[in-house]
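Report on the structure given below.
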Amino acid sequence: MEALQLQRLQETVARVYRQVPFYRKALEEKGLRPEDIKTLADVSKLPFTTKQDLRDNYPYGLFALPLKDVVRLHGSSGTTGKPIVVGYSRQDLDDWSELLARVITQATVGPEDVTQIAFGYGLFTGGFGLHYGMEKVGSTVVPMSSGNSEKQIMLMQDFGTTALVSTPSYALHLVEVAQKMGIDPKKDLSLRVGLFGGEPCSQGMEAALQELWGIRVTDNYGLTEVGGPGVSGDCGLGEGQHISEDFYLAEIIDPDTCEVLPYGEEGELVITTLRKEACPVLRYRTRDITRLMPEPCSCGRTTLRMKKIRGRSDDMLIIKGVNVFPSQIEVVLAEVAAVAMHYQMVVTKEGYSDALEIKVELEPAYFTDDWRQLKEIEKNILRVLKRVVGIECKITLVSPQSLERTAGKAKRVLDLRNN
Ligand SMILES: [Zn+2]
């Protein structure tokens with residue numbers, strides 16, 4: 001594996017040096033030529049690539065192939081302004097299907113399954129990525145796309161859908177829709193497995209989805225900038241996600257000093273693509289916080305694994321000096337029976353100090369106007385929060401179904417400190 005990785009790394013560096021002026025300049029600034037990459041450890045000499053670099057070179061500035069050899073474009077929606085664009089050669093698309101086929105096979109999905117894809121189809125990489133991977137493994141694909149929730153449930157029932165592909169937050173919403181339609185997801189549907197991605201799926205969220213749907217929950221990882229989903233996937237043993245190391249070289253760095261950290265230490269994931277033709281990327285700073293585990297997994301696979309993403313460094317809140325991730329809040333909420341997994345974190349400034357308020361939806365069964373009972377639930381959440389995260393904040397209980405639902409990625413954090 002290491003010999004293959006080195007060969008592909010050398011080819012990638014040579015390709016971008018030759019074809020992409022941005023990288024040639026970045027390598028020259030470091031006094032590097034492709035032949036200076038002699039070992040895998042030499043990757044640490046290479047320049048980083050950031051999201052800003054992709055924005056600055058919009059749309060085609062980082063492409064290593066002329067457009068006549070590019071057969072597909074995808075992009076990230078981007079909350080404001082121009083999206084980020086990535087291109088795929090025919091070979092890149094074949095590779096992408098292979099990467100997703102691995103993720104899907106690990107999630108135990110195959111020819112016997114009917115898979116409903118509730119990821120958006122379009123510029124977003126999720127829909128098409130999973131679609132072609134599913135076809136490659138021979139699953140029957142229902143390309144439903146996102147939204148239209150009642151129809152999603154109807155088709156699930158009528159088509160006998162066994163596998164669902166969506167963001168974890170949309171799956172959480174769909175289960176409510178099913179219940180509202182009078183459908184018991186555990187009895188009336190054939191769903192047995194969920195492949196969730198597009199946003200971090202915390203342990204708390206995983207537990208909630210398992211419980212509500214009664215299915216096997218798997219998490220997979222990828223990001224548009226390095227080609228979309230397919231970087232890694234869950235084998236179902238709860239021991240992290242297997243990285244396709246022949247396509248992606250992973251490192252962990254300290255996000256502040258940019259120093260490479262040894263296996264096992266937590267930090268920011270950095271990815272170098274090893275086989276991309278159209279859009280190769282050197283040392284992409286993902287902003288995702290995780291750790292790498294080199295030990296072979298009990299499933300028998302020997303590839304490097306990454307822990308569940310703990311959060312994005314962008315989403316990390318520092319509340320009175322304590323690092324807080326939305327994923328930690330989900331662990332807390334999963335422990336408290338009276339509340340649902342729907343929540344929003346609102347950060348404001350009170351004087352010179354940060355103040356965090358968490359809005360949490362009550363479970364319908366606990367919805368009450370009994371003030372004492374509500375105070376009891378609040379106290380309960382605060383107690384678990386203190387133990388799990390080590391912070392104090394304000395809890396606001398809101399009525400069931402009152403927080404916004406989304407068919408894509410959930411917006412969990414509202415930071416009002418700069419407004
Ligand atoms: Zn495994």
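Points worth noting:
- Accessible area (Å², 1.4 Å probe, nearest 10) - Thr108: 60 Å²
- One equal scatterer on each Cα of region 12-155, no solvent, Debye formula: the resulting log10 I(q)/I(0) at q = 0.09, 0.12, 0.18 Å⁻¹ is -0.40, -0.67, -1.11.
- Taking each DSSP H run with n ≥ 4 as -39500 (n - 2.57) and averaging over every residue of the chain yields -9500 deg cm²/dmol at 222 nm.
- Entry comment: accessible area of the chain is 45 Å² per residue, from protein heavy atoms only and a probe of 1.4 Å.
- Residue-wise HN-Hα coupling along region 192-209, computed from phi with Karplus coefficients 6.51, -1.76, 1.60 (Hz; x: Gly, Pro): 10, 8, x, 10, 10, x, x, 7, x, 10, 5, 4, x, 5, 4, 4, 5, 5
- Viscosity 0.890 mPa s, 25 °C: Kirkwood-radius Stokes-Einstein D of region 90-312 over Cα pairs, µm²/s: 139 µm²/s
- Listed residue (Phe22, Val114, Phe325) projecting farthest to the positive dipole end of the chain, Cβ model: Phe22
- Among the listed pairs Lys308/Lys411; Lys308/Lys379; Lys187/Lys409; Lys68/Lys276, those beyond 21 Å (Cα-Cα): Lys308/Lys379; Lys187/Lys409
- Rounded accessible area of Ile271 (nearest 10 Å², 1.4 Å probe): 0 Å²
- Positive-end extreme of charge dipole, region 90-312 - chosen from Leu172, Ser190, Ser298 (charges on Cβ): Ser190
- Only beta bridges with both residues in region 90-312 are counted; by DSSP, about 65 percent of them are antiparallel.
- Built amide H within the under 5 Å cut-off of Val413, gap 5+: Met345
- If you sort Cys299, Cys279 by accessible surface, 1.4 Å probe, largest first, the order is Cys299, Cys279.
- For q = 0.10, 0.12, 0.18 Å⁻¹, Debye-computed log10 I/I(0) when each Cα of region 203-352 counts as one equal scatterer: -0.41, -0.59, -1.17
- Scaled against 2.2 N^0.38 Å for its residue count N, the alpha carbon radius of gyration of region 149-269 is 1.26.
- Taking amide hydrogens as placed 1.01 Å from N in the peptide plane, the amide H of Asp354 sits under 5 Å from those of Lys320, each at least 5 positions away in sequence or on another chain.
- FRET efficiency for Asp184 and Glu295, using Cβ-Cβ distance with R0 set to 51 Å, rounded to 0.05: 0.80
- Placed amide H near Tyr121: partners under 5 Å, 5+ positions off or other chain: Ser146
- Span per principal axis, largest first, for the Cα atoms of the chain (Å): 72, 56, 43
- Rounded to the nearest 10 Å², the accessible area of Tyr263 at probe 1.4 Å: 130 Å²
- In Hz, Karplus ³J(HN,Hα) per residue of region 295-308 (6.51, -1.76, 1.60; θ = phi - 60°; x = Gly, Pro): 5, x, 8, 6, 7, x, 6, 10, 6, 4, 10, 10, 5, 3
- Normalised size of region 77-174, defined as Cα radius of gyration per 2.2 N^0.38 Å with N residues, equals 1.12.
- Each listed q (0.10, 0.21, 0.24, 0.27 Å⁻¹) maps to a log10 I(q)/I(0) for region 310-386 from the Debye sum over equal C-alpha point scatterers, namely -0.26, -1.01, -1.20, -1.36.
- Phi angles of region 259-273 translate, via the Karplus equation with coefficients 6.51, -1.76, 1.60 and θ = phi - 60°, into HN-Hα couplings of 6, 6, 9, x, 3, x, 8, 7, x, 8, 6, 10, 10, 10, 6 Hz per residue; Gly and Pro are given as x.
- Considering only Val86, Thr125, Val398, and ranking their Cα positions along the charge dipole of the chain that arises from unit charges at the beta-carbon of Lys, Arg, Asp and Glu, the one farthest toward the positive end is Val86.
- Charged-residue dipole, Cβ positions (Lys, Arg, Asp, Glu), the chain about Cα centre, Debye nearest 20: 580 debye
- Rounded to the nearest 5, the antiparallel percentage of DSSP beta bridges internal to the chain is 65%.
- Zone of Glu363's modelled label, taken as backbone nitrogen in region 378-404 under 15 Å from a point 7 Å along Cα→Cβ: 378, 380-381, 400-401
- A Förster distance of 41 Å, applied to the separation of the beta-carbon atoms of Thr396 and Lys307, puts the FRET efficiency at 0.85.
- With a Förster radius of 41 Å applied to the C-beta separation of Glu2 and Ala207, the computed FRET efficiency comes to 0.65.
The values are calculated or read from the model by the stated rules, or taken from the named source; none is laboratory data. What you see is a predicted model; the values in this text were computed from it and never measured. Every residue, glycine among them, receives a Cβ derived from its backbone with ideal geometry; neighbour counts consider all protein chains shown. Keep in mind that these areas ignore ligands, DNA and RNA; they rest on the heavy atoms of the full protein, side chains included. Shrake-Rupley method; radii C 1.70, N 1.55, O 1.52, S 1.80 Å.
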